[in-house]
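What follows is one structure encoded as structure tokens, with my remarks underneath.
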Amino acid sequence: MPRKMILNKVKIYGEPGTVNIYVDGRTISRIEDSNKEDHAAGEHRLRFDNAVALPGLINSHDHLEFNLFPRFGDGLFNNYLDWSSCISRNYEREIKNILQIPLRLRILWGIYKNLLCGVTTVVHHGKPIAVDHPEIDVFQDYHFLHSVGLEKRWKYKLNKFSSRKKLVIHLGEGHDACAHEEIDRLIRWNIFKKEVVAVHGVAMNPRQAKSLTALVWCPYSNFFMLNETAKIDQLKNELPVVFGTDSTLTADWNLWEHLRLAKKRSSISNDELFNMLTVTPAKIWGLKNQGAIKKDFIADIVIAENANDDLTALNPGNILLVLKNGVVKVFDEKLLNQLGQGNFNQDNYSEVWIDQSRKFVHGDLRGLMADIKKYYPAVAFPVAVEA
């Protein structure tokens, strides 16, 4: 693939007009008005029509190894402890079927799930995992605790951790007194005032929010388990809020469905949702030169068929191109002829179908899906290898 590219005539989300985005290696070298026709030697031009460019999205909460599960739960629950007890009791066979798939394969599928939705950086919540040559960035540079209710010796661990890194923990995942009180317990026992990023925060109030560093909002998972989510309209005034999908144990695989639900069930605007997936998490997680399409920023770029700046109108099928560090990771068949005009090896990509759209995905995704089915033939994928 050429190291220099021009993404011609795209609209950057939230900005007027159309531009040409110049990519040189892994960074954006310049952005110019699309009326200019400067085509330097060695630059490969991809021409778009009615397309919007987004920074590569940042998913601030996922459990990568749990994305081959269907959603588990019998009704609604008071809190995560009730849900955990229910699925352990009622879904033992289904859980065993998925867990027999090797961990490495499950993690790789979790990475591809994110990539297909336009995510170029995912925050994996769990014990550190090793991933060979991931297609996207897997962020793990933080201290991990699962939750107050399920983490043994959490008080000791909380205060033992180095202050150089943030602590990430499920917190207040419920709508009862137990979920609310655990937030106060953690704040009270945070003796050395470590930076704590809370995940979920359904039971959180503004007073509690002031004692925390940030909140990861996972509305789809919350509504599935609890039929309620965090009071974002109140909490966003007290601390930064970023967006997370959680895994398919409690949520849809499609990030864009999460955004539609968030918009429908809250007063959050499109621009606020956009910031929760881009500039705000880049700041919270310390991702330098990411979260925006700007000169000298990392060339993590998603281009989709234009939805008139309405994020909630998009789907994986609308994505035309995903660049990660300037490398094409996903492209639509509409770009196949244009890419073929450059030094491009189609053999490095797997052909799959999403929503009747033919996509080409970097790496052996088809082989991964086949390997997973060897261990559990009944597994259901949201993409197909044939139309």
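Roughly how many debye, to the nearest 20, is the charge dipole of region 4-125 about its Cα centre, given +1 on each Lys and Arg Cβ, -1 on each Asp and Glu Cβ, and no other charges?
For region 4-125, the charge dipole is close to 340 debye.
Provide the percentage of antiparallel DSSP beta bridges, counting only those with both residues in the chain; round to the nearest 5.
Among the beta bridges of the chain, antiparallel pairing accounts for roughly 55 percent.
Please give the net charge around ARG260, taking every other residue with its beta carbon less than 11 angstrom from that of ARG260, where Lys and Arg add +1 and Asp and Glu add -1.
Surrounding charge for ARG260 is 0.
Calculate the length of the line joining the C-alpha centroid of region 260-318 to that of region 127-163, in whole Å.
Centre-to-centre distance over Cα atoms comes out at 25 Å.
Could you compute the net charge surrounding GLY172? Neighbours are other residues with a C-beta less than 13 Å from the C-beta of GLY172; K and R count +1, D and E count -1.
The answer is -3.
Assuming R0 = 25 Å, what is the FRET efficiency of VAL385 and VAL131, from their Cβ-Cβ distance, to the nearest 0.05?
0.65
With unit charges on the beta carbon (Lys/Arg positive, Asp/Glu negative), name the residue among TRP109, LEU239, THR120 whose Cα is farthest towards the positive pole of the charge dipole of region 58-284.
LEU239
Determine the dipole magnitude for the chain: charges of +1 sit on the beta-carbon of Lys and Arg, -1 on that of Asp and Glu, nothing else is charged, the reference point is the Cα centre, and the result goes in debye to the nearest 20.
Roughly 1280 debye, rounded to the nearest 20.
Taking the Cβ-Cβ separation of ARG104 and ASN35 as r and a Förster radius of 41 Å, what is the calculated FRET efficiency to the nearest 0.05?
Efficiency at R0 = 41 Å is approximately 0.25.
Dipole of the chain (Lys/Arg Cβ +1, Asp/Glu Cβ -1, origin at the Cα centre): which of LEU68, VAL196, PHE274 lies farthest to the positive side?
Farthest towards the positive end: VAL196.
Between ASN337 and ASN308, what FRET efficiency comes out of the Förster formula 1/(1 + (r/R0)^6) with R0 = 30 Å and r the beta carbon distance, rounded to 0.05?
Calculated transfer efficiency: 0.65.
Of the listed values (1) 10; (2) 18; (3) 14, identify the label whose number matches percent of Cα pairs over 41 Å apart calculated from this model.
From the options (1) 10; (2) 18; (3) 14, the structure gives (3).
Which residue fluctuates most in the GNM of the chain (Cα springs below 10 Å): VAL119, VAL327, VAL242?
Sorting by GNM fluctuation, first place goes to VAL327.
By how many degrees, between 0 and 90 and to the nearest 10, does the Cα long axis of helix 255-265 differ from the longest principal axis of the chain?
60
Taking K and R as +1 and D and E as -1, what net charge do the other residues with C-beta under 11 Å from the C-beta of GLU272 add up to?
Here the charged neighbours net out to 0.
Length gain on complete extension for the stretch ASN227 to ASN159, per 0.36 nm per residue less the alpha carbon to alpha carbon distance?
Roughly 21.1 nm would be gained on extension.
Could you give the angle, 0 to 90 degrees to the nearest 10, between helix 103-116's Cα long axis and the longest principal axis of the Cα atoms of the chain?
Once rounded, one gets 60 degrees.
Among LYS263/LYS295; LYS160/LYS193; LYS294/LYS329; LYS157/LYS193, which pairs are too far apart, with a Cα-Cα distance over 22 Å?
LYS263/LYS295
Hey, what angle do you get for helix 80-90 against the long axis of the chain, alpha-carbon based, 0 to 90 degrees rounded to 10?
The angle comes out at about 90 degrees.
Every read-out reported here was derived from the displayed coordinates using simple, explicitly stated rules and does not represent laboratory data. Not measured: the values here are computed from a predicted model. FYI the Cβ positions are ideal-geometry reconstructions off the backbone, even for glycines, and counts take in every protein chain you see.
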